[in-house]
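Report on the following structure.
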Amino acid sequence: MIDEKINQKYLKKIKLFNKYNKHYYDLNEPLVKDFIFDKLKLEILNLEKKYDFLSHKDSPRNSVGFRPSKLFKKVKHKIPMLSLSNAFDREDLVNFEKKIFNFLNEDSKQIMEYSAEPKIDGISASLIFKNGKFITGLSRGDGKEGEDITENLKTIKDIPNKINSKDFPEEIDIRGEVFIQNSDFKKLANKFANPRNAASGSLRQKDPNETDKIPLKFIAYTFGFEKGLKIKSQSEYLEKLKEWGFKTNPLNKTIKTIDGLVKNYNDIEKKRGEIDFDIDGIVYKINNFKLQKRLGYVANAPRWAVAHKFTANSGISVIENIEIQIGRTGALTPVAKIKSVNIGGVIVSNATLHNEEEIIRKDIRIGDTVLIERAGDVIPHVISVDLKLRNKNSKKFFFPKTCPSCGSKTVKDFNLTTKKEDAVRRCSSEGYECEKMAIEKIKHFVSKDALNIEGFGKKIVENFWNLKLIRLPQDIFKLDFLKIETLDGWGKQSVANLKYSINLRKIISFEKFIYALGIRHIGLENAKLISKNLRSSKNFIALSKNNNFDDLINIDGIGETQIKSIKSFFKNNTNLNVLNNLDKLLKVKDAESQKNNGIFNNKTFMLTGKLSSMSRSEAKSIVEQNSGSIVSNVTKKLDYLIVGEKPTNRKVEAAKNLKVKILDQSSWLKMLK
Ligand code: IVH
């Protein structure tokens, strides 16, 4: 208990440290004088020294030698540096492959080839070579824009300065990971918390001589912009990299089946401790470049790659109780309340049991001794029960068939991708009718990626809810501040701050607005896609009036699941009330128009009939990548009707009558040259 108090105190300081940092570096407006900042930093470091169970990724210990990004010139990446979606088990891999086959409209019995590359946990870098010479080196930055760290990268021995091979492309942006070997890290362990921070800190030293003092390594694995690269697959690219003088990961492999991927994953995970660099998973990439190109990207991750993550630290504890938590979307999550245990420096007292099936499958009971695992920022979870230690008094847990918060029936949905019943049981209420869901929805509404109302944390939402100050998101904009001022813990200044933060967010982008509504299956990325396509909240609200939800299927990345969810959102009167009220209270900015420079710019297309060796999703993706848009109705505004096998005759006739150009698949693709 005492440890928990110390941990709380520590986390409070870390939070404050982050706030000061953000204002200083990102917002350019320091909140406090330097000496106060330094004092706080010292307090955190001293606490860590005294209590070795304290550690946090945002601790100043992890940013020793880290220089503010202001010191480096910002440079735009010609091709963005993307991230990867994650997979955690075999089932995720099977779904990943299934989606690929669906997109490509290929028979799933066909064999797919993967490049399997251990994912080094370092810092990614982009190296631009022109005529064989290393010209510019950039950090990833936010993926769109990086920092010019050329001079620091030049000190790394693994990066060739000049390449004379005849087949080296005229221009290429070679990308890979900068890292420090564990054996070298040992010598620096008193300065940095882990090898990744050591690499990051060293690479971003203002003085390249400082970078030179730390033995950094570079492993290459992909490329961005290129001119004159003549190869057909990832495995061929990895071979070429070696020929050109780059280091590649010695554990890279080409593998043909999911079983093969899983075996390789298990083999490498076992060897993990013996490898001299930190890996946090394995990246799988579709090997064939032609297929990669067809698959393209969704939002900020490729469809053709996935990172299969390793699991992390574990500890043993006892389950004292099992409680049900109700999430924003109604998911009932069983949570094990466990005896506090220190796992990898963090005190853990809750662990998720995921769902009903998991409890049954693992036969988890109250009173059991269990193995708990914690990976990164993810909520710790129960791995297994030690049956040998099972107590006679252990109690079975029965999953509730009605929602513990509102009493509605709980249901399991049918998943359209996996074609199976969901494992998760949900409260069947649409949202604000269930108290627990409503509270979670409001927490989501004010959260960082949604409205981002600073200072309006989860505790405040709960507090205001209990005081009946809020029931729906719009209530946030009609708060009785005079009353709040009289509440415990509040004063003139803190109320003024809250008022200020709320007013600041009355102007909001359309994508954040959609995300903030908390519609199930509409996360940040899908909200972005919808915003890009519909452009304004007016069009979004009109979806319900015009009943044209099905048009959303024309947005690349949006599928039936999302549309079904949007439809049921609009069916609920409270949701409509929230939407209309927010529309009046907020100024929702229209989405900016995109840069339109593709060959289908300003052109609309409609598809009818089955296309050969291509799914509808792929056709959608091709049109959008070339700045065109897909529509669902034949009207005068339609430019082209693309006709596949067995088209709907009514659509073809309508197009003929309206003199819309009719194309077959091959003449459509010819337009792309
Ligand atoms: S490919 C679009 N290959 O993982 C493809 N990335 O989450 C993205 N990483 O920032 C890059 N090993 O720092 C790729 N063999 C590998 C990788 C790898 C490590 C890192 C990289 C990137 C992150 C993506």
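Please treat every number below as a calculation from the coordinates, not as lab data. Keep in mind it's a predicted model, so treat the numbers as computed, not measured. Don't worry about glycine lacking a Cβ; one is built from the backbone with ideal geometry, like all the others, and counts go over all protein chains shown.
Based on other C-beta atoms within 10 Å, arrange ARG90, ARG426 from fewest to most.
Sorted ascending by nearby Cβ count, the order is ARG90, ARG426.
Go ahead and estimate [θ] at 222 nm for the chain from helices alone: -39,500 (n - 2.57) per DSSP H run with n ≥ 4, summed, over the residue count, rounded to 500.
-10000 deg cm²/dmol
For HIS521, put the label point 7 Å out on the Cα→Cβ axis and report which residues of segment 88-102 keep their amide N under 16 Å from it.
Output list for this probe position: 99.
Need the full-extension length gain, GLU269 to LYS571, defined as separation in residues times 0.36 nm minus the C-alpha distance. One decimal, nm.
103.9 nm
Of VAL623, ASN497, ASN633, whose Cα points farthest to the positive end of the dipole of the chain (charges on the beta-carbon: +1 Lys, Arg; -1 Asp, Glu; origin at the Cα centre)?
Result: ASN633, furthest along the dipole toward the positive end.
Between ASN649 and ASP3, what FRET efficiency follows from the Cβ-Cβ distance if R0 is 60 Å, with the result rounded to 0.05?
Computed FRET efficiency for ASN649 and ASP3: 0.25.
Work from the charge dipole of the chain (Cβ charges, +1 for Lys and Arg, -1 for Asp and Glu, about the Cα centre) and give the residue of GLY245, ALA542, VAL385 farthest towards its positive end.
ALA542
Assuming R0 = 45 Å, can you tell me the calculated FRET efficiency for the pair GLN493 and LEU82, based on Cβ-Cβ distance, to the nearest 0.05?
0.55
Given a Förster distance of 51 Å, report the FRET efficiency between ASN415 and ASN164 from their Cβ-Cβ distance, rounded to the nearest 0.05.
For ASN415 and ASN164, the calculated efficiency is 0.40.
Grab the eigenvalues of the alpha-carbon gyration tensor for segment 351-456, scale each by 5, take roots, and send me the semi-axes largest first in whole angstrom.
30, 20, 15
Which of rounded, prolate or oblate describes segment 579-650 when judged by the alpha-carbon gyration tensor and an a/c cut-off of 1.5?
Verdict is prolate for segment 579-650.
What nm distance separates the two modelled labels at LEU42 and LYS242, each placed 7 Å from Cα along Cα→Cβ?
5.4 nm
Give the shape of segment 165-232 as rounded, prolate or oblate, defined through the alpha-carbon gyration tensor: a ≥ b ≥ c are the square roots of its eigenvalues, a/c under 1.5 means rounded, and otherwise the shape is prolate if a/b is larger than b/c and oblate if not.
Because a/c hits 1.5 or more and a/b exceeds b/c, segment 165-232 counts as prolate.
What distance in nm separates the two pseudo spin-label positions at GLU357 and ASN102, each 7 Å out from Cα along the beta-carbon direction?
1.6 nm
For the pair LYS49/ASN547, report the inter-label distance in nm, with labels modelled 7 Å from Cα in the Cβ direction.
Output for this residue pair reads 7.2 nm.
If I stretch the segment between ASP142 and LYS478 completely, what's the gain in nm (0.36 nm per residue apart, minus their alpha carbon distance), one decimal?
This chain segment gains 117.4 nm when fully extended.
Kirkwood hydrodynamic radius for the chain: how many Å is it when counted over pairs of different Cα atoms?
After inverting the pairwise mean of 1/r, the radius is 28.4 Å.
Go through segment 279-287 residue by residue and turn each phi into a ³J(HN,Hα) via Karplus (6.51, -1.76, 1.60, θ = phi - 60°); whole Hz please, and just put x for glycine and proline.
Per-residue couplings from phi come out as 10, 10, x, 10, 8, 10, 10, 4, 5 Hz.
Let's see if you can work this out: charge +1 on each Lys and Arg Cβ, -1 on each Asp and Glu Cβ, no other charges. What is the dipole magnitude of the chain about its Cα centre, in debye to the nearest 20?
About 1160 debye.
What shape does segment 397-527 take by its C-alpha gyration tensor, where a ≥ b ≥ c are the square roots of the eigenvalues and a/c under 1.5 counts as rounded, a/b above b/c as prolate, and the rest as oblate?
It is oblate, given that a/c is not under 1.5 and a/b is not larger than b/c.
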